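Chemist: One structure follows; several queries about it will come next.
The values are calculated or read from the model by the stated rules, or taken from the named source; none is laboratory data. Everything quoted here is computed from the prediction, not taken from an experiment. Glycine gets a Cβ as well: all are built from the backbone with ideal geometry, and neighbour counts include every protein chain shown.
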Amino acid sequence: MLDGETRSGRVVVAWHPVDGASFFTTGLNTNADFVNVAVPDFVGSDQYVFGLTARTGGANEGLTIDNLTICASDGDLDGDGLGDVWELLHGLSIDPATGALGDDGAAGNPDGDTLDNAAEYAAFTNPNAADTDGDNIEDGAELAGFESRPPTDPTKADTDGDTLSDEAETNTGSFVDITETGTDPTDPDTDGDIYPDGRELLRGSDALDMTSVPLSVEGGVYSMDFQAYPVGYPEIGDGSAFSSSTGTHSIVIDRLNPENRALRLTDKAVGSTAASFRIPAIPGSEQGWTATFDVALVDAVGGNAPADGFSFNYGAILPGGEGAGEGGMGSGNELSFVVDTWQNGGAGNGVRILENGAVIDLGGNPVDVAGQTLPNDGSVLANVTVEFTPETVSFTTVGLNNTNASFVEIPHTLVPDDTFSWAFSARTGGATEDLFIDNLVITVPAASVPDLRFIDIAYAIDPGDGLADVTLTWTSEPGKVYAIFFSDDGTDFSGDLEDSWPSGGETTSYTEENIPASETTRLYKVELVE
């Protein structure tokens, strides 16, 4: 303002426990125009009172307040059945003489959609915008449901909160792409497998098939017990992969526990088999990791002596291929933890550690034991533990026949890398034996971070220019810094919004401003930076 200048205008302030706070002004050089701003830390109470406060500092100016009206949500000065707060929020008159007439009244329809003001008030939608939440579905169509969509919330672009917009979810049960997912917009977990639809699509699993579940590596832990998958040859869809030229790998019912399932890599009914199971990289593995898993080995009765065994490998594992079984994956840059069942009495049978295919110095521990890890025509059920640091490895087994691995802090020369991954490789040669893997857990402590969980994604659409502000809120840790990315297709999160957004405490919010309403279907990802 200039010396001697006077400004006058109107102020409207509103608060709603679900939709948040709104603040409008007119007549100022710079006016407030904030709609449904989330205020998650504020909780209303009937005991609260209102107050106006002002100050001038060292300056001098006059401030005059007039025509103050404070309405509870059930106030209705013009008697048209529309709450005064809602009418003021959306610029409708509450004048007792004229407020119930024309576009200001209950039968008015200023946005020209299929809902009159009475219906908009009941749904708390915007009477000046045919599509309140900006999800490209008109408010009336959302309330009524249409075609392949059940009724949805016209004030939320994502009714069920699964990070997929109502427009994208079609409830047809048939996935087309990220813009037509076939999932239910009113159910965050369409297939009932406990994983939200948005997370399944983000991580490459099928949100319409409860047997397809995403990889879970939150906190640097890969855990797989195969329970969620049907018997047979499914693709897990979590970044892991099978390979078997002889087709012996499958998920089977545990022969000792019919309620349990396990992964079978070699089959005692088939000779000369080979198969691998590869696990994707986890960031932080170069600083150390621990793996545990259960293994069952069963030699076919009356057939050839047990051969050849399997290896658990860590390193620059290449895509595809079954590997060399007890000889490792053959990547040329790996450590292999071996259980060799070949009973020929020669060197290299039993348990051992290989670095790039060669046995490393195991400190004088016995490794050549004529294949006593698995008895002829018998079986073993064992537990395996592998611990890796950049300098040493430990490899122990419990339950093998006669000879178990007991190698503690063995020096190695492998230079680890965060791109390294893990793989099982198994083969039988001319023998026949079952190899079952179950209860695999790989833990990378260096990757452990607080669980980041979206609390809310709020959309504020400006009906004047069609632009939207999208506010993300997630759980966070005080003092940390986060990076924020977006994706238009649910796979490529190369859209970089912020590299170093500071934590707001136990929860943090970030607002992406002025994006086209059509882009509110994009997905977001938040990562801890430091």
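Chemist: Mind telling me which of the residues 339, 384 ends up being under 34 Å from the mean Cα position of the chain (by Cα), modelled with pLDDT of 90 or more and either surrounded by fewer than 24 Cβ atoms within 10 Å (Cβ to Cβ) or within 18 Å of residue 402 (Cα to Cα) (or both)?
Modeler: Going through 339, 384 in turn, the sole match is 384.
Chemist: Read through the list (1) modelled with pLDDT of 95 or more; (2) over 16 Å from residue 394 (Cβ atoms), then give the number of the only condition that residue 305 fails.
Modeler: All conditions pass for residue 305, except number (1).
Chemist: Kindly provide the set of residues from the stretch 113-135 that are surrounded by fewer than 22 Cβ atoms within 10 Å (Cβ to Cβ), modelled with pLDDT under 90 and either of a type in the set (Val, Ile, Thr) or more than 36 Å from the chain's Cα centre (by Cα) (or both), ordered by number.
Modeler: none
Chemist: Next question, about the same structure. Would you mind listing the strands (runs of 3 or more DSSP E) fully within the stretch 426-530 where at least 2 residues are under 19 Å from residue 41 (Cβ atoms) and modelled with pLDDT under 75?
Modeler: Fully inside the stretch 426-530 and qualifying: 454-461.
Chemist: Can you tell me which residues in the stretch 405-428 are surrounded by fewer than 21 Cβ atoms within 10 Å (Cβ to Cβ) and either charged (D, E, K, R) or out of contact with any Gly (no Cβ under 8 Å at 6 or more places or on another chain) (or both)?
Modeler: 406, 408, 409, 411, 412, 413, 415, 416, 417, 418, 419
Chemist: Limited to the stretch 1-27, what total is found for residues that are loosely packed, with under 11 Cβ neighbours inside 10 Å, modelled with pLDDT under 75 and closer than 22 Å to residue 470 by Cα?
Modeler: 1
Chemist: Got at least one residue in the stretch 403-417 being under 27 Å from residue 226 (Cβ atoms) and outside any loop (DSSP other than H, G, I, E, B)?
Modeler: no
Chemist: A further question follows. Could you please give the count of residues in the stretch 155-174 that are touching a Phe, Trp or Tyr at 6+ places or on another chain (Cβ under 9 Å), crowded, with 19+ Cβ neighbours inside 10 Å and not acidic (Asp, Glu)?
Modeler: 3
Chemist: Keeping to the stretch 141-152, report how many residues are surrounded by 22 or more Cβ atoms within 10 Å (Cβ to Cβ) and charged (D, E, K, R).
Modeler: Selection size over the stretch 141-152: 1.
Chemist: Let me ask something additional. Between a first residue in the stretch 25-51 that is closer than 19 Å to residue 71 by Cα and a second residue that is aromatic (Phe, Trp, Tyr) and assigned to a loop (DSSP other than H, G, I, E, B), which pairs have beta carbons less than 8 Å apart while being 6 or more apart in sequence or on different chains?
Modeler: The qualifying pairs do not exist here.
Chemist: Pairs, please: C-beta under 9 Å, at least 6 apart or cross-chain, first residue among the basic types (Lys, Arg) and in the stretch 10-22, second surrounded by 15 or more Cβ atoms within 10 Å (Cβ to Cβ) and assigned to a strand (DSSP E or B)?
Modeler: These pairs meet every condition: 10/24; 10/25.
Chemist: What is the residue count in the stretch 136-157 for residues that are modelled with pLDDT under 90, part of a loop (DSSP other than H, G, I, E, B) and charged (D, E, K, R)?
Modeler: 2
Chemist: Taking the stretch 282-314 on its own, how many of its residues are within 31 Å of the chain's Cα centre (by Cα), surrounded by fewer than 20 Cβ atoms within 10 Å (Cβ to Cβ) and not in a strand (DSSP E or B)?
Modeler: Here the count works out to 5.
Chemist: Can you tell me which residues in the stretch 28-43 are surrounded by 10 or more Cβ atoms within 10 Å (Cβ to Cβ) and out of contact with any Phe, Trp or Tyr (no Cβ under 7 Å at 6 or more places or on another chain)?
Modeler: Those that are surrounded by 10 or more Cβ atoms within 10 Å (Cβ to Cβ) and out of contact with any Phe, Trp or Tyr (no Cβ under 7 Å at 6 or more places or on another chain): 28, 31, 35, 36, 37, 38, 39, 40, 42.
Chemist: Can I ask one more? Restrict the check to the stretch 65-75 and report whether at least one residue is surrounded by fewer than 17 Cβ atoms within 10 Å (Cβ to Cβ), at pLDDT 90 or above and closer than 26 Å to residue 32 by Cα.
Modeler: yes
Chemist: If you don't mind, another one. With out of contact with any Asp or Glu (no Cβ under 7 Å at 6 or more places or on another chain) and without any contact (Cβ under 8 Å) to a residue 12 or more places away in the chain as the only criterion, which of 122, 118 stands out?
Modeler: 122
Chemist: If you don't mind, there's one more thing I want to ask. Quick one: residue 423 ticks every box in (1) modelled with pLDDT under 90; (2) not in a helix (DSSP H, G or I) except a single one, so which number is it?
Modeler: All conditions are met except number (1).
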